[in-house]
Amino acid sequence: ALLTMKATVIATFFGVFLTCTYTAKEATKKTKKAKLYVPQIDCDVKAGKIINPEFIAKCPPGCQDVKYRVYGTDIYASFSSVCKAAIHSGIIDNTGGKILVQKVAGHSGYRGSFSNGVRSLSLPRWRESFLVSEGKPRKGVTYPSTLEYSPLKSTAVKSGNVNVPTGDAVRKEHQTTPVPTPATQMATTTPTPTTTTTDPSTTVPQPTTTPAATRTTAAAAKTRPGLHRVRDMAFRGTSTSASNRNILRHSTGVQRQEPVATFQRAAGSPAHLAMETDSWKPGLSLFDTGFSSKEELNPKLLEPISQGNQNCKVDLSFLMDGSWSIGKRRFQLQKRFLGNVAQALGIGSAGPLMGIVQYGDDPSTEFNLKTYANSKDLRNAIEKIQQKGGLSNVGKALSFVNRNFFLDTNGNRGGAPNVVVVMVDGWPTDRVEEASRLARESGINIFFVTVEAAAQSEKQNVIEPNFVDKVLMCRTSGFYSINVPSWFSLHKVVQPLVKRVCDTDQLACSKTCLNSADIGFVIDGSSSVGTGNFRTVLQFVANISKEFEISDTDTRIGAVQYTYEQRLEFSFDKHSTKQDVLNAIKRISYWSGGTSTGAAISYASEQLFSKSKPKKRKIMILITDGRSYDDVSVPAMAAHQNGVIAYSVGVAWAAPDELEAIASDPAKEHSFFVDEFDNLYRYVNQLIQNICTEFNSQPRN
């Protein structure tokens with residue numbers, strides 16, 4: 001009987017053991033089957049558009065297309081296409097695949113390179129970077145199954161068979177509503193704390209309120225110590241305006257006006273409370289959050305600082321027409337328009353900043369870029385502007401802005417494009433073209449909003465009737481010009497103007513590789529070239545020149561021909577249209593003689609590039625068919641040190657060592673060799689591509 005009992009116990013024990021083992025294995029299998037869903041992104045998605053600091057995503061095929069841009073090597077600027085950066089780094093190929101992206105701090109000196117069939121561009125600096133690697137999860141890291149996009153545009157993210165809208169809805173992920181308010185402010189309804197989590201198939205639930213919860217939390221709030229109450233106030237935020245409140249900063253000891261939130265809603269509104277929760281970061285001291293000890297018992301609350309629209313980081317100056325011709329009523333309409341633009345832009349420290357200069361006879365700054373850091377304060381300040389009166393001296397105003405406005409001391413951030421929007425009632429009463437040119441050459445993007453036409457009484461003061469045609473950045477495009485028939489219809493152009501100002505790809509029109517250089521051709525006219533081949537060389541020069549935007553304010557072309565001696569065929573300021581340049585190239589006559597390339601480089605430096613405009617890129621393209629009779633390295637080095645970017649093109653008997661000595665670094669990207677003159681045409685596109693690759697064409701950041 002005892003043996004039977006033991007056998008029964010053992011059998012029972014093994015039965016329980018086997019059951020537990022089986023259950024554990026089944027649980028393990030289920031755990032293994034719970035795979036991470038990887039969201040898919042499009043080829044044109046830039047890393048900066050995705051808020052998640054680290055994520056795994058799937059790239060589609062075809063992202064190697066030239067229309068998607070990449071900046072950097074190994075470490076990429078967040079302005080880059082995520083998927084094309086992954087191709088450039090060799091993580092995936094053009095068929096797509098999974099990648100792991102990690103956001104890192106901003107970087108200086110992003111290096112361009114050609115890798116895996118992708119040309120990445122260089123960039124001086126950008127505010128955020130990212131690294132890309134194989135799409136394998138890192139141990140201990142949880143990856144999102146839906147990506148969180150910047151809220152500027154509502155972007156659909158693929159999640160299974162459901163399209164999940166991103167933006168504000170997704171930003172509420174794992175968001176907790178504020179703690180209850182003190183009893184002294186219980187006039188409004190207080191929601192109970194509710195945690196909401198974004199689910200692909202549901203919308204974010206709104207906080208609910210019950211009378212019992214209100215009474216309970218009110219009673220609890222009465223017993224809190226003073227310090228906790230201040231923290232609660234910081235956590236909640238407020239709808240009370242703080243625009244007139246001076247805050248004592250711990251770090252500087254200087255009083256300054258505290259910015260307030262961009263949008264306001266009634267206290268107690270769930271959306272209002274949820275928005276304000278984002279401003280609180282656990283662990284901050286009172287001074288970190290901008291509160292001074294004097295406010296610990298103050299029931300009035302501070303607004304959170306507005307970060308602004310981070311997809312529109314521009315430094316913006318409005319030139320406001322304060323002339324008498326506009327009249328008081330239209331001046332008020334202009335102020336309303338500027339206020340609406342400020343609201344639509346989403347002013348903030350990490351987004352657009354805006355200042356205003358009013359002009360009449362003379363310009364004056366109403367407030368600069370750092371005066372206001374949110375839309376509400378900015379709108380209030382605009383309402384208080386008084387009309388100056390006088391004439392419409394736009395040219396003088398542009399010169400003033402160019403010299404005085406975009407300074408570090410006035411809040412210019414350096415890493416944001418400088419944009420000027422000029423409001424003009426009728427027509428300017430001074431010359432605008434030269435002031436506009438100088439501003440453009442300083443890298444300022446200029447928009448004109450012209451309203452109505454000059455009145456009959458004003459026409460006697462108009463100096464440049466066609467001023468808009470002369471001053472625009474890209475004269476073949478209407479991007480920088482908006483004409484409004486009446487001040488009463490000005491409100492219709494708020495959104496179109498904001499869209500253009502925030503379009504950093506188009507803003508690059510002010511400074512691109514095709515419209516911002518002085519290009520000097522140094523042409524070998526020695527006897528070994530021959531008349532027929534010399535005409536082929538001139539065709540090569542013409543084919544390169546016609547790809548650039550040529551004018552007195554854009555790219556300019558000059559040419560030198562050399563043998564033993566040198567001859568200036570035409571200077572940079574000789575021809576201001578493309579057709580004139582092409583005709584001048586055609587008229588160059590063959591000289592014939594020896595080959596003193598070193599002396600020709602020195603001559604070009606003195607006669608061409610010493611007269612180049614400030615801030616213009618100086619590019620020398622030298623074409624030769626043989627070894628020089630003199631030294632080329634010393635003159636070339638002197639040219640490089642004076643800022644000349646040198647490209648060398650050798651034909652037939654040209655010496656490779658001399659071509660490399662003439663070329664800027666890296667020599668392999670600045671020197672070319674072709675076996676015969678008839679094959680020169682093959683290098684036109686390659687040469688232009690290298691010029692543009694070297695040029696940092698994106699927002700000045």
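Being assigned to a strand (DSSP E or B) and open to solvent by 40 Å² or more (accessible area, probe 1.4 Å) is the filter here; which residues of region 116-132 pass it? Write out each step before concluding.
Initial filter on region 116-132 (assigned to a strand (DSSP E or B)): 118-121, 123-132.
119, 124, 125, 127, 128, 131 - these are the residues of region 116-132 that are assigned to a strand (DSSP E or B) and open to solvent by 40 Å² or more (accessible area, probe 1.4 Å).
If I ask for residues that are open to solvent by less than 10 Å² (accessible area, probe 1.4 Å) and in a loop (DSSP other than H, G, I, E, B), which ones from region 40-64 would you list?
Applying the first criterion (open to solvent by less than 10 Å² (accessible area, probe 1.4 Å)) to region 40-64 yields 41, 47, 50, 55-57, 59, 63.
Those that are open to solvent by less than 10 Å² (accessible area, probe 1.4 Å) and in a loop (DSSP other than H, G, I, E, B): 41, 63.
Within region 636-670, track down each residue that is in a helix (DSSP H, G or I), more than 14 Å from residue 598 (Cα to Cα) and touching a Phe, Trp or Tyr at 6+ places or on another chain (Cβ under 7 Å). Break it down stepwise before answering.
Of the residues in region 636-670, the ones in a helix (DSSP H, G or I) are 636-641, 656-662, 667-670.
In the following step, the residues that additionally are more than 14 Å from residue 598 (Cα to Cα) were identified as 641, 656, 667-670.
656, 670 - these are the residues of region 636-670 that are in a helix (DSSP H, G or I), more than 14 Å from residue 598 (Cα to Cα) and touching a Phe, Trp or Tyr at 6+ places or on another chain (Cβ under 7 Å).
Read through the list (1) surrounded by fewer than 22 Cβ atoms within 10 Å (Cβ to Cβ); (2) modelled with pLDDT of 95 or more; (3) not in a helix (DSSP H, G or I), then give the number of the only condition that residue 606 fails.
Failed condition: (3).
Yes or no: residue 550 surrounded by 20 or more Cβ atoms within 10 Å (Cβ to Cβ) and modelled with pLDDT of 95 or more?
On the way: surrounded by 20 or more Cβ atoms within 10 Å (Cβ to Cβ): yes; modelled with pLDDT of 95 or more: no.
So residue 550 does not fit the description; no.
Got at least one residue in region 95-115 being surrounded by fewer than 17 Cβ atoms within 10 Å (Cβ to Cβ), among the β-branched types (Val, Ile, Thr) and not in a loop (DSSP other than H, G, I, E, B)?
Yes: region 95-115 contains one or more residues that are surrounded by fewer than 17 Cβ atoms within 10 Å (Cβ to Cβ), among the β-branched types (Val, Ile, Thr) and not in a loop (DSSP other than H, G, I, E, B).
Quick check on region 660-689: of everything there that is without any contact (Cβ under 8 Å) to a residue 60 or more places away in the chain and among the hydrophobic types (A, V, I, L, M, F, W, C), which residue is surrounded by the most Cβ atoms within 10 Å (Cβ to Cβ)?
The selected residue is 663.
Are any residues in region 664-680 touching a strand residue (DSSP E or B) at 6+ places or on another chain (Cβ under 7 Å), of a type in the set (A, V, I, L, M, F, W, C) and farther than 16 Å from residue 533 by Cα, and if so, which ones?
Matches in region 664-680: 672 only.
Quick check: anything in region 566-574 open to solvent by 60 Å² or more (accessible area, probe 1.4 Å), basic (Lys, Arg), more than 25 Å from residue 681 (Cβ to Cβ) and assigned to a loop (DSSP other than H, G, I, E, B)?
For region 566-574, residues open to solvent by 60 Å² or more (accessible area, probe 1.4 Å), basic (Lys, Arg), more than 25 Å from residue 681 (Cβ to Cβ) and assigned to a loop (DSSP other than H, G, I, E, B): present.
Free of Cβ contacts under 8 Å to residues at least 12 places away in the same chain and acidic (Asp, Glu): does that describe residue 657?
yes
Hey, residue 383 hits all of (1) crowded, with 23+ Cβ neighbours inside 10 Å; (2) in contact with a helix residue (DSSP H, G or I) (Cβ under 7 Å, 6 or more places away or on another chain) but one; which does it fall short on?
With (1) crowded, with 23+ Cβ neighbours inside 10 Å; (2) in contact with a helix residue (DSSP H, G or I) (Cβ under 7 Å, 6 or more places away or on another chain) applied to residue 383, the lone miss is (1).
Being among the β-branched types (Val, Ile, Thr) and over 22 Å from residue 515 (Cβ atoms) narrows it down to one residue among 601, 585, 621; which is it? Before the answer, list the steps.
Working: 585 fails: over 22 Å from residue 515 (Cβ atoms); 621 fails: over 22 Å from residue 515 (Cβ atoms).
So the residue among 601, 585, 621 that is among the β-branched types (Val, Ile, Thr) and over 22 Å from residue 515 (Cβ atoms) is 601.
Conditions tested, residue by residue: (1) among the hydroxyl-bearing types (Ser, Thr, Tyr); (2) under 25 Å from the mean Cα position of the chain (by Cα); (3) modelled with pLDDT of 90 or more; (4) under 26 Å from residue 440 (Cα atoms).
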{"site": "343", "(1), (2), (3), (4)": "no, yes, yes, no"}
{"site": "354", "(1), (2), (3), (4)": "no, yes, yes, yes"}
{"site": "382", "(1), (2), (3), (4)": "no, no, yes, no"}
{"site": "396", "(1), (2), (3), (4)": "no, no, yes, yes"}
{"site": "402", "(1), (2), (3), (4)": "no, yes, no, yes"}
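Can you tell me which residue within region 610-637, out of those that are within 14 Å of residue 522 (Cβ to Cβ) and either within 37 Å of the chain's Cα centre (by Cα) or of a type in the set (Lys, Arg) (or both), is surrounded by the fewest Cβ atoms within 10 Å (Cβ to Cβ)?
Restricting to residues being within 14 Å of residue 522 (Cβ to Cβ) and either within 37 Å of the chain's Cα centre (by Cα) or of a type in the set (Lys, Arg) (or both), the top hit is 618.
The values are calculated or read from the model by the stated rules, or taken from the named source; none is laboratory data. Just so you know, these numbers come straight off a predicted model, no measurement behind them. Backbone-built Cβ (ideal geometry, glycine too); neighbour counts: all protein chains shown. Keep in mind that these areas ignore ligands, DNA and RNA; they rest on the heavy atoms of the full protein, side chains included. Shrake-Rupley method; radii C 1.70, N 1.55, O 1.52, S 1.80 Å.
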